[in-house]
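Written out below as structure tokens is the structure these notes cover.
The values are calculated or read from the model by the stated rules, or taken from the named source; none is laboratory data. Treat the numbers as computed from the prediction; the structure is a model and nothing was measured. Glycine also receives a Cβ, built like all others from the backbone with ideal geometry; neighbour counts cover every protein chain displayed. Note: accessible area is taken over every heavy atom of the protein model, side chains too, but ligands, DNA and RNA are not part of it. Shrake-Rupley method; radii C 1.70, N 1.55, O 1.52, S 1.80 Å.
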Amino acid sequence: MEVVLIENHRVPAVTHMLWYRVGAGDDFTGHSGLAHYNEHMMFQGTTTTPSGEFAHIVASHGGHANAFTSHDYTAYYVSIAKEHLPLIMQMEADRMLHLAPSQENFLKEREVIIEERRMSIENKPEALLNEEMQAALYRNHPYHTPIIGWMHEMQALSREDVLAFHAQFYHPANAVLVVAGDITRAELQPLAERYYGTLPAGEKHIRHWRSEPPQRGARTVMLKNENVRQPELVRIYRAPSVGEDDKALVVPSFLLSQIMGGGATSRLYQSLVVRQKLAAGVESSYDGIGIGPGEFEITAIPAGNVGLEQLEAAIDKEVAAMRNEGAITQDELKRAKILLKADTLYARDGLEGMARTLGSLVMAGLDPDYFNGWGALIDRVTIADVHKALDATLDEDNSVTGYLLPSEALRAPVAVEAK
């Protein structure tokens, strides 16, 4: 097991975060939602600990626990006073090796994740649109499937599925331990060896994910929903990431996102909201920290009686203008660097945030020191680098555009041509 230590001696507390190299991208075929379901079942008892006792013990010692699942990984964390760290390690080792939910708890928790899907996806038009867009963006790659799973497959998940999944992936060789807080290496190492070093190591999971074929043209998705009160335009481009393509484009892509749609001073906001008054809001975001493809997203809400076609045309015009030589200024790049560095500083604030940031980097295949060199990487980016990122990323033929509309159109209908 790899162990990452982040010393922070401001308060006598620690965050213990255990990351497993398995996520929704590794769900068994036809069993989508299995990684997320296994996350829930980790709190439903072992051969020696009753269901719910893990969370109860953590709370009774003044701590709090939670977990999260992505396509790439699943992580479990506990923040607690330093003196209780041995207890947390003992319980984590127990549920790593001896997970044993009862059939009753299995059925109960399956209803919990089904209800979670209803609340977080089925009842939210924006989430439904995103799900449809992801399915259109990825035809072959596992990112095609939602992390929470498709409803009909979730309803068929079994206790045997969970136990088989857990047995295959949950062991020390497939895990990374990140501990942040008031502890030194000399204190942490014997604890890790005592509680995790004695477990059967297992094997590190080697992924054989299907790759995504080249996209031959722009794709579009239209979703009409009775709960929509405000139309919305979303475009997602497949983009470089640290796990694929050119890693050198990742930091420039983060800066491109800041320049283009990162707040009220950004290009899109100033043009579409302030000057042209075509949008009530617009922003862009980029995520390139993962083992699969990255994504660059632009989201816009039209103002007044502006149609989505008009808004889309205005966005395309701004993107085209940014390609011109001299369009991106040194002042814009300098401001973007300041904002991106500030985000880095905020990530350092708090034990959980730091552990989560470092863990996600390691899960993406990066060295933990990548974070320490983040500021220097930002400083080295030039305008030419940002243009390279723009050219590599903002290709409409490598995108999906989504239109979210009311069931009964409140605007002139948007004509969407299949491409």
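For this structure, a couple of remarks:
- With a Förster radius of 45 Å applied to the C-beta separation of ASP331 and LYS108, the computed FRET efficiency comes to 0.20.
- Per residue solvent-accessible surface (Å²) - the chain, probe of 1.4 Å: 45 Å²
- Length gained on full extension, TYR346 to GLU83, computed as 0.36 nm times the residue gap minus the Cα-Cα distance: 92.0 nm.
- Mean separation of Cα contacts under 8 Å, 6 or more apart, over the residue count of the stretch 193-286: relative contact order %: 15 percent
- Here the Karplus curve 6.51 cos²θ - 1.76 cosθ + 1.60, taken at θ = phi - 60°, turns the phi angles of the stretch 310-315 into couplings of 5, 5, 4, 4, 5, 5 Hz, with x standing for Gly and Pro.
- Computed over the stretch 252-302, the ratio Rg/Rh where both radii use C-alpha atoms and Rh is Kirkwood: 1.06
- Counting only aspartates and glutamates at least 8 places from LYS224 when in the same chain, those with an alpha carbon closer than 18 Å to its own are GLU122, GLU126, GLU131, GLU132, GLU232, GLU309, GLU312, GLU408, GLU417.
- The Cα-based radius of gyration of the stretch 107-256, divided by its Kirkwood radius, gives an Rg/Rh of 1.04.
- Residue list for the stretch 303-346, given a label point 7 angstrom along the Cα-to-Cβ vector of GLU132 and an amide N cut-off under 20 Å: 307-313
- Relative contact order (percent, whole number), the stretch 1-79, Cα cutoff 8 Å, 6+ residue spacing: 39 percent
- Percentage relative contact order, the chain, counting C-alpha pairs under 8 Å, at least six apart: 22 percent
- Options ALA136, THR198, LEU345, ranked by Cα towards positive dipole end of the chain, top entry (Cβ charges): LEU345
- The amide H of VAL306, built 1.01 Å from its N in the peptide plane, has no neighbour under 5 Å, considering only residues 5 or more places off or on other chains.
- Amide proton proximity set for ALA13, modelled H, under 5 Å, gap of 5+: LYS82, ASP182
- Surface composition of the stretch 130-172: carbon plus sulfur atoms hold 51% of the accessible area, using a 1.4 angstrom probe and ignoring ligands, DNA and RNA.
- The phi torsions of the stretch 59-75, fed into the Karplus equation with coefficients 6.51, -1.76 and 1.60 and a -60° offset, translate into couplings of 5, 5, 9, x, x, 9, 10, 6, 7, 8, 10, 10, 5, 8, 7, 10, 9 Hz, rounded to whole numbers, with Gly and Pro shown as x.
- Under a model in which nothing but the beta-carbon of Lys, Arg (+1) and Asp, Glu (-1) is charged, the stretch 262-353 shows a dipole of about 420 debye around its Cα centre.
- Entries in LYS334/LYS388; LYS124/LYS247; LYS247/LYS334; LYS204/LYS388; LYS204/LYS341 that, when Cα-Cα distance is taken, lie over 24 Å: LYS124/LYS247; LYS204/LYS388; LYS204/LYS341
- Prolate/oblate/rounded call for the stretch 1-62, Cα gyration tensor, a/c under 1.5 rounded: oblate
- Kirkwood Rh and Cα Rg combined as Rg over Rh, evaluated for the stretch 16-97: 1.00
- A dipole drawn for the stretch 1-109 from +1 and -1 charges on Cβ atoms has a positive end, and of ASN105, HIS36, ALA93 the residue lying farthest that way is ALA93.
- Segment LEU163..ASP397, full-extension length gain: 80.0 nm, with 0.36 nm per residue of separation and the alpha-carbon distance subtracted.
- Database remark: amide H of ALA100 closer than 5 angstrom to the amide H of THR46, THR47 (H placed geometrically; neighbours at sequence offset of 5 or more, or on other chains; Pro and chain starts carry no H).
- Per-pair calculated FRET efficiency, R0 = 35 Å: HIS64 and ASP246 via Cβ, rounded to 0.05: 0.30
- Dipole check for the chain: with +1 at the C-beta of Lys and Arg, -1 at the C-beta of Asp and Glu, and the Cα centre as origin, the magnitude is about 600 Debye.
- Choice from HIS171, HIS387, HIS61 showing the highest fluctuation, given a GNM over the chain with Cα pairs closer than 10 Å: HIS61
- Couplings 3J(HN,Hα) of the stretch 262-269, computed from phi: x, x, 5, 9, 6, 4, 5, 5 Hz, in residue order, whole Hz [Karplus 6.51 cos²θ - 1.76 cosθ + 1.60, θ = phi - 60°; x for Gly and Pro].
- Exposed loop sites here are GluC sites (Glu not before Pro) assigned a DSSP state other than H, G, I, E or B and surrounded by at most 12 other beta carbons within 10 Å; excluding them, the longest clear run of the chain is 1-202.
- Most fluctuating residue given options SER32, SER257, SER120, as computed from a GNM of the chain linking Cα atoms under 10 Å: SER120
- Here the stretch 216-357 is treated as a sphere whose radius is the Kirkwood value from Cα pairs; by Stokes-Einstein at 20 °C and 1.002 mPa s it diffuses with a coefficient of 129 µm²/s.
- Accessible carbon and sulfur surface of the stretch 265-316 relative to its total accessible area, %, 1.4 Å: 48 percent
- Applying 1/(1 + (r/R0)^6) with r as the Cβ-Cβ distance of ALA156 and ASN372 and R0 = 30 angstrom yields a FRET efficiency of 0.10.
- Extension gain from ASN305 to HIS98, taking 0.36 nm per residue of separation minus the Cα-Cα distance: 68.6 nm
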